[in-house]
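A.B. asks: Here you go, one structure.
The values are calculated or read from the model by the stated rules, or taken from the named source; none is laboratory data. All figures in this text were calculated on a predicted structure; none of them were measured in a lab. So basically every Cβ, Gly included, is an ideal-geometry build from the backbone, and we count neighbours across all protein chains shown.
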Amino acid sequence: MRLSKAVAKLVLTLGLLTITLAATGKGQPATIKGYVLDSACAFTKNLKKPTSPECAVACAKAGSPLVILADDGTIYWPIADSTPASGQNEKLLPFAGQKITATGRVFERGGSRALVVDKIEPVASSK
């Protein structure tokens with residue numbers, strides 16, 4: 001009886017581990033709402049939204065990676081899902097300084113979050 005409980009626990013643990021490992025390799029589908037801004041401002045200035053689209057574009061053109069600052073304060077690093085990987089500034093530059101909705105797959109590691117962007121579009125302004 002004791003042996004069968006131990007075997008059942010082992011099988012359950014291995015099954016959960018397999019599911020977890022399979023999920024982390026493909027990312028989790030997600031929809032993120034937030035602002036596109038340069039990474040330096042996101043971290044050093046503790047901004048809740050970009051200063052201006054012109055500022056975000058200037059920083060991106062100077063080489064600062066663009067990130068997505070979600071409404072909840074989480075920073076998502078846009079990444080490619082191919083190797084060799086490519087920078088994602090070109091994809092995000094048209095949205096720099098704007099509020100957006102991005103859909104794709106989220107990957108997490110060591111407290112960082114990255115997003116493979118499948119679709120990105122501006123949020124309609126409510127005037």
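A.B. asks: Please go through segment 86-127 and give me each residue that is charged (D, E, K, R) and touching a strand residue (DSSP E or B) at 6+ places or on another chain (Cβ under 7 Å), ordered by number. Walk me through it before giving the result.
C.D. replies: Within segment 86-127, the first condition is being charged (D, E, K, R), and the residues that meet it are 90-91, 99, 105, 108-109, 113, 118-119, 121, 127.
Scanning segment 86-127 gives Lys91, Lys99, Arg105, Arg113, Asp118, Lys119, Glu121.
A.B. asks: Something else: Out of the residues in segment 105-127 that are among the small types (Gly, Ala, Ser) and part of a strand (DSSP E or B), state the one that is surrounded by the fewest Cβ atoms within 10 Å (Cβ to Cβ).
C.D. replies: First, pick out the residues of segment 105-127 that are among the small types (Gly, Ala, Ser): 110-112, 114, 124-126.
Those left that are additionally part of a strand (DSSP E or B): 112, 114.
Details: Ser112: 10, Ala114: 21.
My answer is Ser112.
A.B. asks: Where the second residue is surrounded by 12 or more Cβ atoms within 10 Å (Cβ to Cβ) and charged (D, E, K, R) and the first is in contact (Cβ under 8 Å) with a residue 60 or more places away in the chain and more than 15 Å from Asn89 (Cα to Cα) and lies in segment 108-127, which pairs have Cβ atoms under 8 Å and are six or more apart or on separate chains?
C.D. replies: So the pair list comes out as Val123/Lys33; Val123/Lys99.
A.B. asks: Right, another one. Taking Cys59 and the conditions (1) of a type outside the set (Gly, Ala, Ser); (2) in contact with an Asp or Glu (Cβ under 7 Å, 6 or more places away or on another chain); (3) assigned to a helix (DSSP H, G or I); (4) in contact (Cβ under 8 Å) with a residue 24 or more places away in the chain, which numbered condition does it fall short on, given that it satisfies the others?
C.D. replies: (4)
A.B. asks: Could you tell me whether any residue of segment 64-76 is surrounded by 11 or more Cβ atoms within 10 Å (Cβ to Cβ), modelled with pLDDT of 90 or more and in a helix (DSSP H, G or I)?
C.D. replies: no
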